[in-house]
Every structure is written in C-alpha cells, then in structure tokens.
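Notes follow the structure.
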Amino acid sequence: MSKTQVKAGGISLSDTFAFTGTVTGAGSLIKISSTTISSQNTDISLPTGYKIYKLIGSNLVLGASGQSYNLYTTTDSFSSTDTDFESTRNYIRIEDGGTGVEVSDGFLRLGNNQSNDATDNLSFELTLAELTTTRSTGYSVWGWSVYGHTNDQTSYVYTSGARSQTTSVVNGLRVSCSTASGVGGTIALYGVVT
C-alpha cells in the first residue's frame with residue numbers, strides 16, 4: 001500500500017476525489033420511520049438488526065396546559081409496558097439556572113408540566129442500546145430534551161438516563177402524552193449500523 005503525505009496547508013475539499021477500497025469502522029445512521037403525533041399514544045414498532053437506535057422528537061405540542069410527555073418500552077407489542085424500566089432526569093431551568101432531579105418507574109419523562117402556549121414545544125434526542133438483541137443483561141437509554149413550561153414562561157433542559165433489568169427483547173416504543181388534546185409534532189426513529 002502506498003503512503004501519501006499531505007502538505008501542511010491541507011487538502012481543498014472543493015476538489016473532486018476518486019476512491020477505491022473499503023472504509024471500515026464508520027457507522028451509518030439509517031432512518032427507519034417518521035411519525036406525526038396525532039393521538040395520546042404514539043406506538044413505534046422496532047425492527048431487529050440494530051444494536052443501537054436513535055429516537056428524535058421535534059416540535060411536540062399539546063392543547064392543554066400542565067401536561068407531560070413520557071417514553072415507555074414494551075416487550076409484547078404494546079399489550080403492556082416494561083415495569084422494570086426506571087429513569088432519572090437532571091433538569092436545569094434555562095432562564096435562571098434552577099436545578100433539580102426527578103425519578104420515574106416504568107417510563108422515561110421527556111417533558112413535565114409543559115405549556116400549551118403557542119411558543120412552547122418539546123424536542124428530544126434519545127439513544128437506546130441493546131433493545132432488540134438477545135442478551136443476558138438489561139438495556140439502557142440516555143439523552144436530552146428541551147421544552148417550554150406552564151404558566152411562568154420558562155424553559156427547561158433535561159439530561160436523562162434509564163435502565164431496565166429485563167432480558168426480554170424490546171419490540172416497541174410508546175411516546176405518550178397525558179392528554180389527547182391538541183397533540184402534534186414529529187418523531188423519527190433511526191437505526192445505527194456499527
């Protein structure tokens with residue numbers, strides 16, 4: 001194999017390059033689905049073949065104030081949800097830096113006490129590992145969310161983590177709102193090929 005030395009000035013990326021060979025070690029992000037929220041529960045089936053998934057929510061809104069969005073997992077195609085799924089969130093108020101910690105059993109909270117003001121919405125990005133693989137250990141979820149809060153015109157950032165001890169294969173995700181009134185937004189699911 002020949003070796004090429006690059007000058008200290010670097011390479012102009014505006015040029016055209018030809019490449020032959022195989023690139024290894026680079027992962028790919030494959031879009032699996034995109035869902036518009038139109039009801040209180042948005043169920044997303046998980047295809048197998050990925051060790052890692054990304055779930056991205058954009059501009060989630062609701063028509064009633066003081067509501068929350070939560071993520072649930074299922075191992076039986078939404079007949080029930082995983083009660084071993086436990087989560088924690090560290091939150092910070094964007095405007096004044098007030099902080100806190102919340103914990104939940106059975107779900108991961110994406111946004112709490114969210115407002116229905118025209119300017120308020122929720123966006124999030126979660127990484128979910130080892131959900132659909134056969135395993136002898138549990139699975140993990142981690143990520144962040146940003147949302148507008150009820151009544152006081154404040155906004156919050158969550159950093160979240162969740163863990164379940166179940167070794168059953170997870171075959172679905174449910175994004176659920178505590179109201180069916182005025183829900184909207186988009187959720188996209190991606191698979192990471194490693």
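The values are calculated or read from the model by the stated rules, or taken from the named source; none is laboratory data. These numbers were taken from a predicted model, which means no experiment stands behind them. As a convention, Cβ positions derive from the backbone with ideal geometry for all residues, glycine included, and neighbour counts pool all protein chains shown.
A few notes on this one:
- Residue in segment 17-28 that is at pLDDT below 95 and within 30 Å of R174 (Cβ to Cβ) present: yes
- Contacts under 9 angstrom Cβ, first residue in segment 26-38 being more than 29 Å from S181 (Cβ to Cβ), partner of a type in the set (G, A, S) and modelled with pLDDT of 95 or more, 6 or more apart: S28/G191; L29/G191; I30/G191; K31/A188; K31/G191
- Checking T194 against (1) closer than 26 Å to S33 by Cα; (2) surrounded by 14 or more Cβ atoms within 10 Å (Cβ to Cβ); (3) touching a strand residue (DSSP E or B) at 6+ places or on another chain (Cβ under 8 Å), the condition it does not meet: (2)
- Residue within segment 134-150 that is surrounded by 18 or more Cβ atoms within 10 Å (Cβ to Cβ) and β-branched (V, I, T) present: yes
Residue by residue, here is whether (1) within 24 Å of S65 (Cα to Cα); (2) in contact with an Asp or Glu (Cβ under 6 Å, 6 or more places away or on another chain); (3) among the acidic types (D, E) holds:
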{"position": "Q114", "(1), (2), (3)": "yes, no, no"}
{"position": "T127", "(1), (2), (3)": "no, no, no"}
{"position": "T133", "(1), (2), (3)": "no, no, no"}
{"position": "Y158", "(1), (2), (3)": "yes, no, no"}
{"position": "T166", "(1), (2), (3)": "no, yes, no"}
{"position": "V175", "(1), (2), (3)": "yes, no, no"}
{"position": "V193", "(1), (2), (3)": "no, no, no"}
